[in-house]
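First up is the structure itself, then whatever we jot down about it.
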Number of protein chains: 2
Amino acid sequence: MTGRRDQLRASLEQSIRDAALVELRRSGPSELSLREVARGANISPSGLYRYVEGRDGLLELLIADGFRRFGQAIGEAIEQAEPVFLDRVIALAIAYRQWAKENPEQFALILGTPVVGFRPTPGGVTSKAVLQFGMPMLALLVDAYANDHLAPVDEADNTIDLTEFSPEMGTVPAGLVDISMRSWARIHGVVILEAFGHLAWTQRSVEDLLIAEAVSIATSFGKQRPVPSKRR
Amino acid sequence: MTGRRDQLRASLEQSIRDAALVELRRSGPSELSLREVARGANISPSGLYRYVEGRDGLLELLIADGFRRFGQAIGEAIEQAEPVFLDRVIALAIAYRQWAKENPEQFALILGTPVVGFRPTPGGVTSKAVLQFGMPMLALLVDAYANDHLAPVDEADNTIDLTEFSPEMGTVPAGLVDISMRSWARIHGVVILEAFGHLAWTQRSVEDLLIAEAVSIATSFGKQRPVPSKRR
DNA sequence: TACAATACGAGAACAGTGTTCGCAATGCAA
DNA sequence: TTGCATTGCGAACACTGTTCTCGTATTGTA
């Protein structure tokens, strides 16, 4: 099982992962060069094909890794925040932006323009990672809903079966999924505009903008409670 | 002025534009092939360089064209809507999504992952086109504000000088620019998530989601007025 | 009209890319 | 030790963007 061959293979797989990440950070998603990765991993270009299914396979590796790390960062940020809906949404938003700023190439790789010719394998590594990514955000809402921190959700609406994606989540009211997607879209909208340089023309603080969005999300969907600083 | 040479040049320039658009629609932004465009325009690859400054120049052409057409589509949609804030925001959102769906490659080109190695020339074609793109959205808010359709905006806040970008707009309260960016981000967030396939896992209607966002934007920033269907 | 200047288009060439194929060497199990 | 699957490599192929050179065609001018 752990013969010499397996050890070498494992170590080389790691080298390739590392070299690919380095190369991604240097060149961006669409310019990622297989030959350059091979050089970084001290292997011939053709030899790379024993470990990776061409360029698309390498990208799938990086995409899965990106979703996994991004989701983990978000999950940790939410858990470390006070167990209050508003605080958690703000923590989520800030963590979302921070990860995007710290990993711009990987952020662009997983949530930017899809690399054409690449379709994630239905049951493959990517699909699983995408769920690991999305679950902390949905769980935040499911938790808040269970703890009665959310404004009433239309339960009469049909429910959505998520067991296929996340067994422990089970079935969830469709309204909750809508809220989740809308909240995600709002945070994502600000972050991706900034990440791709479309807010560069203004001097306004993007962080302030993002926090305003988070507060707005929390007050829109959360139970009304007095906010100490400002009231409108 | 309009000698034979100028005619040929103008016609070939058009051919190149057309061929580039066709090629973009076929292959996507990062795979756009200069040689393929040359083939489509019945010219040699090297001959293309008499008309276009390499691949980046060709992309700048397409980016400028995309921003221009996108902005125009949005502007027309807003003008054709009833001169009511809510209606106009909904029209904006729907037009935004529709253009993205009808021009997916160009949408990805102008608002997706930036093509690395490409930086828009400061005073060049692109910068101008970006403004043509953004102005209808900002104008929508400036108009609504002037006509007293908006909730009070903090005027004590400093104002932002836009004469550099748009002479007729002049200086605008910073709060208005913030609202504009936040509104844009909310619509953009939904649309780009859908465009890049991240909402494919759900069966919920993205159009419903988007309209809900538009309504929420209008009620957040607009003057309160009774809404016939639902109240919360 | 004749000429020089300019613009133009094409072809060859270069360095780079992803990918495939066959061949030798190596590790492993029988 | 023998047989076999795994591994890595080099060569090759068809591409790519870009540059350079070299005739040709068009233009403005003398």
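If one takes the longest principal axis of the Cα atoms in chain A, at what angle in degrees, from 0 to 90 and to the nearest 10, does the Cα axis of helix A:206-221 lie?
Helix A:206-221 and the main axis of chain A meet at about 50 degrees.
Roughly how tilted is helix A:54-80, in degrees to the nearest 10 and between 0 and 90, from the longest Cα axis of chain A?
In chain A, helix A:54-80 runs at an angle near 30 degrees to the longest axis.
Calculate the mean, over all residues of peptide A:187-199, of how many other protein chain Cβ atoms lie within 10 angstrom of the residue's Cβ. If you can, show how the numbers build up before the last one.
Working: counts 3, 8, 14, 7, 2, 9, 7, 2, 2, 6, 3, 10, 3.
Mean partner-chain Cβ count within 10 Å for A:187-199: 6.
Compute the label-point distances linking A:Gly197 to its equivalents in the other copies; points lie 7 Å from Cα along Cα→Cβ; give nm, one decimal, shortest first.
Relative to the other copies, A:Gly197 has label-point distances of 2.5 nm.
If we hang a label 7 Å off Cα along the beta carbon direction at B:Gln14, how far is it from the matching labels on the other copies, in nm, shortest first?
Values, ascending and in nm: 6.3.
Using just the helices of chain A, give the 222 nm mean residue ellipticity in deg cm²/dmol: DSSP H runs with n ≥ 4 each add -39,500 (n - 2.57), and the total is spread over all residues, rounded to 500. Walk me through the numbers before you get to the answer.
Numbers: 9 runs with 148 residues, N = 232.
Value at 222 nm, helices only: -21500 deg cm²/dmol.
Suppose R0 equals 22 Å; then what is the FRET efficiency for B:Trp201 and A:Glu79 from their Cβ-Cβ distance, rounded to the nearest 0.05?
Values: r = 24 Å, r/R0 = 1.10.
Given R0 = 22 Å and the Cβ-Cβ separation, E is 0.35.
Against the longest principal axis of chain A, how steep is helix A:4-27, in degrees 0 to 90 to the nearest 10, with axes from Cα atoms?
Value to nearest ten degrees: 60.
Search the structure for amide H atoms under 5 Å from the amide H of A:Thr159, placed 1.01 Å from N in the peptide plane, and list their residues when 5 or more places away or on another chain.
A:Ala174
How many nm is it between the label spots at B:Asn147 and B:Tyr49, if each spot is 7 Å from the Cα in line with the beta carbon?
About 5.4 nm, to one decimal.
Roughly what would the spin-label model give for B:Glu164 and B:Arg26, points 7 Å off Cα along C-beta, in nm?
Between B:Glu164 and B:Arg26, the simple spin-label model gives 4.2 nm.
Sticking to Cα atoms, compute the Rg of the range A:79-220 to one decimal and its Dmax as the biggest Cα-Cα distance, whole number, in Å.
Radius of gyration, then largest Cα-Cα span, for the range A:79-220: 16.3, 46 Å.
Where a ≥ b ≥ c are the square roots of the eigenvalues of the C-alpha gyration tensor, would you call the protein assembly as shown rounded, which needs a/c under 1.5, or, failing that, prolate if a/b is larger than b/c, or oblate?
Numbers: a/c = 1.99, a/b = 1.08, b/c = 1.84.
Oblate is the answer for the protein assembly as shown, as a/c is 1.5 or above yet b/c matches or exceeds a/b.
Just counting partner chain Cβ atoms within 10 Å, what average do the residues of peptide B:177-183 show around their Cβ? Don't jump to the answer; show the numbers that get you there.
Values: counts 3, 6, 1, 1, 10, 8, 1.
Neighbouring Cβ atoms belonging to other protein chains average 4 per residue here.
Principal axis lengths of the range A:1-145 from Cα atoms, whole Å, largest first?
53, 37, 26
Any idea what the B:Gly170 label distances to the other copies are, label 7 Å down the Cα→Cβ vector, nm, shortest first?
Result for B:Gly170, in nm, nearest copy first: 6.1.
Laboratory data are not the source of any read-out in this text; all were calculated from the coordinates shown. Just so we're clear, the structure is a prediction, and the values are computed from it rather than from any experiment. No Cβ is skipped: glycine too gets one built from the backbone with ideal geometry, and neighbour counts run over all protein chains shown.
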